[in-house]
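To keep things clear, I will list the structure first and then write my remarks on it.
None of the figures in this text is laboratory data; all of them are computed from the coordinates on show. Everything numeric in this text was worked out from a predicted model, so none of it was measured. Cβ placement follows ideal geometry from the backbone for every residue including glycine, while neighbour counts extend to all protein chains displayed.
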Amino acid sequence: MSKIPELVRLERQDTAMNLTYAEGSKFSVTYDDIRYFCPCAKCAPLRNEDETAKALRREVESMAAEKPKVRTVGKYALAFEWTKGCSSGIYRFERLWALANNEDPDGGKPYVHGAW
C-alpha cells in the first residue's frame, strides 16, 4: 500500500465521524461501517462467509446509534469504545483510510488466525 496522508482531524458526529487529512481530503465514515469492519479476532472471521457477514451487518445496524469514545493506540491506530457491542478492534490508520475511500479494508483477504 502506498503511503497514506496523515490524519490531522477526527470529528465525531451523531452517526458518523469526519476525517480530515493533511493533504486536504475530507471523508465521512459511518459508525455502522466502523463496527461492521472491526478487525478483532471475534468479528473479522464473521465477514469470511456471506451468511455470517449478513448476520453481522444486521446486528450492527440494529444497535442504537451512539458516538463512541476514541483513543489512540501508539502512533499507528485508533480504538473505539462502544457502550454495547465489540470494542476490541484496533483500527490502523491504513484501515480507516480504506474505509474512508470505500475500499475493502481487509484487502479481499479472509481472516486467518495467527501471526501476520
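Along the axis of the charge dipole computed for the chain (Cβ charges of +1 for Lys and Arg, -1 for Asp and Glu, origin at the Cα centre), the listed residues P45, S62, L19 are led at the positive end by L19. With R₀ set to 22 Å, the beta-carbon distance separating F27 from K67 gives a calculated FRET efficiency near 0.80. Within the straight-line cut-off of under 14 Å between alpha carbons, the aspartates and glutamates reachable from K75 are E6, E94, sequence neighbours fewer than 8 places apart in one chain being disregarded. Taking label positions 7 Å along the Cα-Cβ direction at both D106 and N48, the computed distance is 0.9 nm, reported to one decimal.
Between their Cα atoms, which of K54/K109; K26/K84; K42/K67; K42/K109 are more than 26 Å away from each other?
Violating the 26 Å Cα-Cα cut-off are K26/K84.
Under a model in which nothing but the beta-carbon of Lys, Arg (+1) and Asp, Glu (-1) is charged, the chain shows a dipole of about 400 debye around its Cα centre.
Between T20 and K75, the simple spin-label model (points 7 angstrom out along Cα→Cβ) gives 2.3 nm.
If R0 equals 30 Å, the separation of the Cβ atoms of W82 and H113 corresponds to a calculated FRET efficiency of about 0.80.
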